[in-house]
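> Here it is, the structure, as structure tokens.
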Amino acid sequence: MNIYLNSLDIDTYRGIRNLKVKDFSSINILVGNNNSGKTSLLEAIKILSQPYDIANVIRVINSRSRTSQANFIDTILSAFTLEEPDKNEKNINMRDSYYIKLGGNSNNNNISLDIYGEIKKEIDFNNSDLDLDLDVNPVFEGAMKIINGNNKPENISFEIKPIKNIRVDERENIYKAIFMSTNVNLYNSCVNLYPEIIKQEQKELFIEVLQIFDSNITDISITDDMIWIHSKNKRTMPMFSYGTGMQKALLLSLILVKSSGGIMLIDEIETAIHTSALIEVFSFIIKACKKLNVQLFATTHSLESVDKLLKAANYDEDFDEKNDIIRVITLRNSKKKTNARVLTGKQAFTNRNEYEMELRV
């Protein structure tokens, strides 16, 4: 299995401060208390995959919820750290500045991304009557500094307005990264992805994951916006009649194929899947990651899910730790720093089974 991201440094992004994580492996499970930075770490990995593209930064920041035009700029700034000007300086032009600083190592290539900006005001003459107060809109202006390996540092200016389209930088990604947030519509996403993905992978992979939920399933098909499940007794039913657990498992398998040769980022991997199916689903994911050369980063709020993942990895007494592809990464926030503890899957399995240790703190 390939490892596309070896380490990650987050100087500041959302609530994360001064975080350094090394020794990523093929399957990386992020645990920790609420607001410890698990989802933010996934977002940082996605942002760093396309460091030249400010549109990618905005898409990632906005992925947690839909944003209206009125609070568009405020939503973007929520991911930045505010740096207020020195009050001792007597420069009336000084403004609050906002910044994000990320870095990492991908395939032994160091990458860093610094984003700095400030808010300015713009008057909209088109939407206002000159006899009335004019509309004053916020504009976020700044620059990105990117260092990619031994290449010359590059500075890219940007301007973000609530009412303006943002040009996409089409340069090749540093690494492929597909991000699945928690607010995705499971069924509609399956409908949208299946026609594309079935061209890349034989449907047996998808039937295998469906059979975790119903062993009688023999086939899957799609017509227009309907996915149909076919069973041994020649019964055909729409997939939405099986519930969200099957939909989530199918979507995970589709995204696994889409992430082939790259990184798959899943927020709250266990959501919607009944606990009784988790071991088989995790076994499928481990096997599919190996087959498709996918590096997985996933968050979970459930220690039971971690236990079931570790059980799916089959850590017995004869297991060779050199072949351990799982890392359990615990995040913890203090006032000035976000700490990370990295355990191999075997270490986490031993701690949970022999000492009943709490992995989240």
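> For segment 16-35, which positions are part of a loop (DSSP other than H, G, I, E, B) and either modelled with pLDDT of 95 or more or closer than 23 Å to ASN293 by Cα (or both)?
Across segment 16-35, the qualifying residues are LYS22, ASP23, PHE24, SER25, SER26.
> Can you work out which of the residues in segment 180-222 that are among the aromatic types (Phe, Trp, Tyr) and closer than 14 Å to LEU256 by Cα is surrounded by the fewest Cβ atoms within 10 Å (Cβ to Cβ)?
The residue in question is TYR194.
> Next question. Out of the residues in segment 192-206 meeting the condition of being among the hydrophobic types (A, V, I, L, M, F, W, C) and over 21 Å from the mean Cα position of the chain (by Cα), tell me which one is farthest from LYS287 (Cα to Cα).
Filtering first and then ranking leaves ILE198.
> Condition check: under 30 Å from ILE3 (Cβ atoms), more than 26 Å from the chain's Cα centre (by Cα) and of a type outside the set (S, T, N, Q). Does LYS248 satisfy that?
Numbers: under 30 Å from ILE3 (Cβ atoms): yes; more than 26 Å from the chain's Cα centre (by Cα): no; of a type outside the set (S, T, N, Q): yes.
No; evaluated as a whole, the condition is false for this residue.
The rows are residues; the columns are (1) closer than 30 Å to GLY117 by Cα; (2) of a type outside the set (A, V, I, L, M); (3) not in a strand (DSSP E or B).
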{"position": "GLN200", "(1), (2), (3)": "no, yes, yes"}
{"position": "ILE222", "(1), (2), (3)": "no, no, no"}
{"position": "ASN233", "(1), (2), (3)": "no, yes, yes"}
{"position": "GLY261", "(1), (2), (3)": "no, yes, yes"}
{"position": "MET264", "(1), (2), (3)": "yes, no, no"}
{"position": "GLU268", "(1), (2), (3)": "no, yes, yes"}
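> Also: Count, please, the residues in segment 33-57 that happen to be among the aliphatic types (A, V, I, L, M) and touching a Ser or Thr at 6+ places or on another chain (Cβ under 7 Å).
Count: 1.
> If only one of THR299, THR271 is under 27 Å from ARG64 (Cβ atoms), modelled with pLDDT of 95 or more and surrounded by fewer than 20 Cβ atoms within 10 Å (Cβ to Cβ), which one is it?
Just a single option satisfies the conditions, and that option is THR271.
> Is segment 332-352 home to any residue that is touching a helix residue (DSSP H, G or I) at 6+ places or on another chain (Cβ under 7 Å), in the same structural domain as LYS203 (by TED's automatic domain parsing), closer than 27 Å to SER65 by Cβ and among the hydrophobic types (A, V, I, L, M, F, W, C)?
No, every residue in segment 332-352 fails to be touching a helix residue (DSSP H, G or I) at 6+ places or on another chain (Cβ under 7 Å), in the same structural domain as LYS203 (by TED's automatic domain parsing), closer than 27 Å to SER65 by Cβ and among the hydrophobic types (A, V, I, L, M, F, W, C).
> Restricting attention to segment 36-55, does a residue exist that is crowded, with 22+ Cβ neighbours inside 10 Å, on the phi > 0 side of the Ramachandran plot and in a strand (DSSP E or B)?
Scanning segment 36-55, I find no residue that is crowded, with 22+ Cβ neighbours inside 10 Å, on the phi > 0 side of the Ramachandran plot and in a strand (DSSP E or B), so the answer is no.
> Among what's in segment 307-322 and is touching a residue at least 40 places away in the same chain (Cβ under 8 Å) and within 21 Å of ILE3 (Cβ to Cβ), pick the residue that is nearest to the chain's Cα centre (by Cα).
LEU309
> Limited to segment 235-252, what total is found for residues that are part of a helix (DSSP H, G or I), without any contact (Cβ under 8 Å) to a residue 40 or more places away in the chain and either hydroxyl-bearing (Ser, Thr, Tyr) or outside the structural domain of THR271 (by TED's automatic domain parsing) (or both)?
Total satisfying the criteria: 2.
> For CYS190, work out the one condition from (1) more than 27 Å from ASN110 (Cα to Cα); (2) modelled with pLDDT of 95 or more; (3) not in a helix (DSSP H, G or I) it doesn't fulfil.
Result: CYS190 fails condition (3) only.
> So is ILE285 touching a helix residue (DSSP H, G or I) at 6+ places or on another chain (Cβ under 8 Å) and surrounded by fewer than 21 Cβ atoms within 10 Å (Cβ to Cβ) or not?
Taking the combined requirement at face value, the residue does not satisfy it.
> Residue by residue through segment 10-28, note down the ones that are farther than 11 Å from ALA340 by Cβ, surrounded by fewer than 22 Cβ atoms within 10 Å (Cβ to Cβ) and touching a strand residue (DSSP E or B) at 6+ places or on another chain (Cβ under 6 Å).
Selection gives ASP11, THR12, ARG17, SER25, SER26.
> Which of the residues spanning segment 253-268 are in contact (Cβ under 8 Å) with a residue 60 or more places away in the chain and touching a strand residue (DSSP E or B) at 6+ places or on another chain (Cβ under 7 Å)?
Answer for segment 253-268, where residues must be in contact (Cβ under 8 Å) with a residue 60 or more places away in the chain and touching a strand residue (DSSP E or B) at 6+ places or on another chain (Cβ under 7 Å): ILE255, LYS258, SER259, GLY262, ILE263, MET264, LEU265, ILE266, ASP267, GLU268.
> So is LYS290 in contact (Cβ under 8 Å) with a residue 60 or more places away in the chain and exposed (fewer than 15 other Cβ atoms within 10 Å of the Cβ) or not? Reasoning before the result, please.
Numbers: in contact (Cβ under 8 Å) with a residue 60 or more places away in the chain: yes; exposed (fewer than 15 other Cβ atoms within 10 Å of the Cβ): yes.
Considered against the rule, which asks whether it is in contact (Cβ under 8 Å) with a residue 60 or more places away in the chain and exposed (fewer than 15 other Cβ atoms within 10 Å of the Cβ), LYS290 comes out as yes.
The values are calculated or read from the model by the stated rules, or taken from the named source; none is laboratory data. Note that this is a predicted model, so its numbers are computed, not measured. Please note: Cβ atoms are built from the backbone with ideal geometry, for glycine as well, and neighbour counts cover all protein chains shown.
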